[in-house]
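Chemist: This is the structure, below, for whatever I ask next.
No value in this document is a laboratory result; all are computed from the given coordinates. Keep in mind it's a predicted model, so treat the numbers as computed, not measured. Quick reminder, even Gly has a Cβ in these numbers, built from the backbone with ideal geometry, and neighbours come from all protein chains shown.
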Amino acid sequence: MTYAPKKTMRSKPYDAQWDQWSLRGDFGIVGHSIVEGMKGHRLDKVEPFRYMIVQRPHGTLYHHSYGLISRFFEGLVEKRLLGTRCPRCGFTFCPPRAHCWVTKCRLRETEWLELPMRGTVVTFTPMGFAATPFLKTLPFILVYVRVDGANTALPLRLYEVKPEEVNVGLKVDLHFIDEPRGDLMDIYCTPAEKPVPPTRTPQEVGRLREDMEIVKRWVKKKFG
């Protein structure tokens, strides 16, 4: 079997320095430090503890394909929200699926459609910790939004609302960042109506606010 060479339809060049960086890092230890931090299962029950931290230089530039759902990410670059719909049962996926997961449809291939930039919060959590790429943005509110017309939920960041005010069922508007890159982080949302805060005791609200302030101080100290 032979394959025709790939044909580039459109491209955004990346900085070639990343190719060189990925060749230099071998993940070997180049240094270490002994630090005193805190340990404990609750913020009000912590104690000092010694930790050893090692430094390992490493870098990798990944080239990977979005495969059969590439059109979704291409749509993000164009500031369009796309989903897929099963032509047999009508189930609509956003984020998209190339094939329907409803059992009776037996992986029927789905069809593309454009969806509106609005939806409903189905669950949420204030984020006090995150993977490395998101540490500088902490704290933030992570919500799962069922986009109008879709059956599944999309993970997004929610802005312009306090963590203690968010509620399941909140209507939201979706927005694109100024310069999308083809990543789910290209989209965020804001309330489309006045939130209805969940029932919490004053102590619970105070604890939540205190936790968020601790995270803010840590981010400022670490990243400036």
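Chemist: Which pairs in the list 136/162; 45/136; 45/162; 79/194; 162/220 are over 22 Å apart, alpha-carbon to alpha-carbon?
Modeler: The answer is 45/136; 45/162; 79/194.
Chemist: Counting other Cβ atoms within 10 Å, keep those with at most 13, restrict to DSSP loop, and tell me which chymotrypsin sites (Phe, Trp or Tyr not before Pro) in the stretch 90-124 are left.
Modeler: Sparse-neighbourhood loop chymotrypsin sites (Phe, Trp or Tyr not before Pro): 101.
Chemist: Follow-up question, since we're still on this one. Regarding the stretch 26-165, what is the average projected area of its C-alpha convex hull, in nm²?
Modeler: On the way: hull surface 53.2 nm².
One quarter of the hull surface, i.e. the mean projection, equals 13.3 nm².
Chemist: May I ask you to give the average projected area over all directions of the convex hull of the Cα atoms of the stretch 106-209, in nm² rounded to one decimal?
Modeler: Result: a mean projected hull area of 8.8 nm².
Chemist: With r defined as the distance between the Cβ atoms of residue 80 and residue 142 and R0 fixed at 25 Å, what FRET efficiency is calculated, to the nearest 0.05?
Modeler: Efficiency at R0 = 25 Å is approximately 0.60.
Chemist: Determine, from the Cβ-Cβ distance of residue 222 and residue 160 and an R0 of 41 Å, the FRET efficiency 1/(1 + (r/R0)^6), rounded to the nearest 0.05.
Modeler: With a Förster radius of 41 Å, E is 0.95.
Chemist: Something else now. Apply the Karplus curve 6.51 cos²θ - 1.76 cosθ + 1.60, θ = phi - 60°, to the phi angles in the stretch 158-175 and return the couplings in whole Hz, x for Gly and Pro.
Modeler: 10, 10, 6, 7, 7, x, 6, 9, 5, 9, 5, x, 5, 7, 10, 9, 9, 9
Chemist: Consider just the alpha-carbon atoms of the stretch 67-115 and return their Rg together with their Dmax, both in angstrom.
Modeler: 10.6, 34
Chemist: List, in order, the whole-Hz ³J(HN,Hα) value for each residue of the stretch 53-67 obtained from phi through the Karplus relation with A = 6.51, B = -1.76, C = 1.60 and θ = phi - 60°; use x for Gly and Pro.
Modeler: 10, 10, 10, 10, x, 7, x, 9, 9, 8, 10, 9, 9, 7, x
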